[in-house]
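The values are calculated or read from the model by the stated rules, or taken from the named source; none is laboratory data. Note that this is a predicted model, so its numbers are computed, not measured. We place every Cβ from the backbone using ideal geometry, glycine too, and count neighbours over all the protein chains shown. To get the accessible areas, we keep the full protein, side chains included, count just its heavy atoms, and leave off ligands, DNA and RNA. Shrake-Rupley method; radii C 1.70, N 1.55, O 1.52, S 1.80 Å.
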Amino acid sequence: MWRGALARVSVWFIVTLLIVPVAFADDLDSPAVFRADQVEVDEELGTVVATGNVEIYQAGRILLADSVTYNQREDTISATGNVSITEPTGEVMFGEYVELTGDLRQGLIRDIRLLLTDGSRIAALSARRSNGDRTDMYKAVYSPCDICPDSAIQEPLWQIKAFHVTHDQRFRDIEYKDAFFEVYGVPVAYLPYFTHPDPSVKRRSGLLLPEYGSRSALGLTFKTPLYLVLAPYRDLTIAPIFTTEEGVVMTAEYRERTSNGHYEFAGSATRVTKRDDEGAELDSTTTRGHIFGEGRFQLNPLWRAGFDLQRSSDDTYLDRYGFSSLDTLTTSLFAERFQDRSYFSANSYLFQGLQEQDEQSDTPIIFPLLDFNSHGSPGFGGFRLDVDANLLVATRYGGTDSRRISLGGTVERPYYTPGGAIATLTFKLRGDVYWTSGLTRPDPRSGSSTDGVSGRVYPLAALNWRLPMVRPGDEVQHIIEPVATAILSPFGGNDSRIPNEDSIDLEFDDTNLFSLNRFPGFDRVEGGPRAIYGMRYGMYHPSGGYASGFIGQNYRIRDDETFRDGSGLEDNLSDFVGRVDVVPSRFIDLNYRFRFDSSAITARRNEVDLRAGPRWLRLNLEYLRIIDTPMDLDNVGEREEVAASATLRITPNWSVRATGRRDIQERRTINYGSLIGYEDECINMSLSAQRSFTRNRDAEPNTSFRFIIKLKNLG
């Protein structure tokens, strides 16, 4: 009855029509899901015409159009009006007119626009689709850049125009032939052939964008990285640095992920003329270089292990060539175990001192360093038992060899009074045994050095009391808390036969005022009865702003010569230590730490850290002044420095940063630098300059420039 006539059917729901025979080679029986507002069927011509919000879903591909005509005899689809085709991989093709085979895998597209998965776009006059995974586009333009609607320049920041562009989804490549690289529509480079991975590729071997710069010691520098994918879980980057003054510096970085962790190595090497400490060239050549490495491995849910590797061919190489400003390199190997409330670690350390006064023969090799800590749960009577054990073996090529075994236990019990006070009673007992060789003794009557076994037993009892008090208010809440600790322990404990490997550097401040033993390690203990007291105060606003402060002091019955002059702890009454934090809003964060002489109430240490400004202008200021630094510790003496930095975000894309550090005591600038950067969705570029005025033998005062440009989305 329908012969020679058109049948019109209104379709408002999804129907499944077997209108195409195949979709993919691995999905031969997949039907198409078809939806449209209206469908016209002509049996005589063998055509189906769908109009109005047409959707066709075929094995992962989705075609949308205003009108679609399907020719059953030729198995072709023609689509017009707001045509889009979404690929299973996420790319979307747009066109004014599309003619495809029934499986949507081959055909022609006019006025194509291709949106890739990372947001970048390709536009072309026409395209040919083949095999469902290759699109050849003619007179095409590629760019990931957005065009600002308010800008007078209606061209993207950069784009690539080519007579022929191929997007190969099988090999995941985008190829260009007869291409021009344009900046704001102006051609700046001709590329007869160019290729880069499509956005679905996360890693691909190839050349990375170069870096340009200059450095006083090296001259002009040009770095050309080559990235090599060795396997899905490992890669290698080889990046030679070409310099006009020092030849070629080879650098490389290797990375690998394992089934339970990762490890990586980075290093460099060069062959150059030797220089003396003044930087003058000598008559011979030498090989200089470095290697850094890191590894972390989760052996099982309880154990993990790892290593750190830092070695350099000589003291000044890293500084002279701009790789690092470290003054001590640390190589370590460790394993650690976490279980319930206990922790065990095994470590070994190898140090390389890079300062002029460092002697490698005096630097200890630590192997092993074992540490065990167990933090108990409250038990009988509310008491909690903590156990600590430690073993250290320190060996030197020249100087003191020491071995230490330490075992200690701590019993602690908190008490809470009806008035709100909190009291904590602590009993501690520790024993240390040392076996030393070649130990230099300060007492000349006992000889210049000694070998043998020594030890000590260190008991301690302490009572800590604090009373937090709160005064609520509608606008501001006030909190005041007096706190005090009384400690009983015997005098002494630091025999001259006991070496000091881990307690040399002691900094007395508010963070360790209430520590039972302020020395950072095991080799020195703080003896004698003493009392510690202090006061905390804070005021807090509902908006989040607050101000808080703390001040405290230590009192001991008699002087303790264990503490050096200038440490703040050498007298009966210690220096006052404390801090002030003022954060009235998110735009201001001020921290002030101090140490005042107890007798003259003069500042012996001042530290100020200020961070201020809105998001578009951030200012950082750091000020440090130290008076009476222990001279036998680091030979620094009085020190006064100020460092400042400012970051100005001119626009959402442009920013400027300036930094500087000055030694006020010596009236000299240590360094300063600046950076200007631009970043948007398609490019990241920066130009930085740095000037350093310090000299470390052949690492002379240095001026460096660095220019980095990264075109995003090019792999």
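In the set 345, 332, only one residue is open to solvent by less than 40 Å² (accessible area, probe 1.4 Å), touching an Asp or Glu at 6+ places or on another chain (Cβ under 8 Å) and either within 28 Å of residue 428 (Cβ to Cβ) or hydrophobic (A, V, I, L, M, F, W, C) (or both); that residue is 345. So in segment 193-208, with the set limited to residues that are closer than 20 Å to residue 159 by Cα and open to solvent by 80 Å² or more (accessible area, probe 1.4 Å), which one is nearest to the chain's Cα centre (by Cα)? That would be 207.
Residues of segment 386-400 being outside any strand (DSSP E or B) and surrounded by fewer than 17 Cβ atoms within 10 Å (Cβ to Cβ), which ones? 397, 398 - these are the residues of segment 386-400 that are outside any strand (DSSP E or B) and surrounded by fewer than 17 Cβ atoms within 10 Å (Cβ to Cβ). Checked against the criterion of being over 30 Å from residue 214 (Cβ atoms) and not charged (D, E, K, R), segment 321-331 has at least one qualifying residue. With a requirement of 1 or more residues that are out of contact with any Ser or Thr (no Cβ under 8 Å at 6 or more places or on another chain) and open to solvent by 40 Å² or more (accessible area, probe 1.4 Å), the strands (runs of 3 or more DSSP E) lying completely within segment 223-311 that satisfy it span 226-231, 234-238, 247-258, 261-275, 281-298.
Of the residues that make up segment 402-410, is at least one among the hydroxyl-bearing types (Ser, Thr, Tyr), open to solvent by 50 Å² or more (accessible area, probe 1.4 Å), within 18 Å of residue 499 (Cα to Cα) and in contact with an Asp or Glu (Cβ under 6 Å, 6 or more places away or on another chain)? No - not one qualifying residue is present in segment 402-410.
If only residues of segment 115-164 that are touching a residue at least 60 places away in the same chain (Cβ under 8 Å) and in a strand (DSSP E or B) are counted, the one that is surrounded by the most Cβ atoms within 10 Å (Cβ to Cβ) is 143. Might you let me know whether segment 136-150 holds any residue that is modelled with pLDDT of 90 or more and of a type in the set (Phe, Trp, Tyr)? Yes - at least one qualifying residue is present in segment 136-150. When 565, 597, 575 are screened for being farther than 30 Å from residue 683 by Cβ and without any contact (Cβ under 8 Å) to a residue 40 or more places away in the chain, only 597 passes.
Note on segment 573-606: residues that are under 22 Å from residue 514 (Cα atoms) and open to solvent by less than 50 Å² (accessible area, probe 1.4 Å) total 14.
When residues in segment 247-289 are screened for being acidic (Asp, Glu), free of Cβ contacts under 8 Å to residues at least 60 places away in the same chain and either in contact with a Lys or Arg (Cβ under 8 Å, 6 or more places away or on another chain) or over 21 Å from residue 324 (Cβ atoms) (or both), 4 of them pass. Of all residues in segment 84-97, one or more are among the polar types (S, T, N, Q), out of contact with any Ser or Thr (no Cβ under 6 Å at 6 or more places or on another chain), free of Cβ contacts under 8 Å to residues at least 60 places away in the same chain and part of a strand (DSSP E or B).
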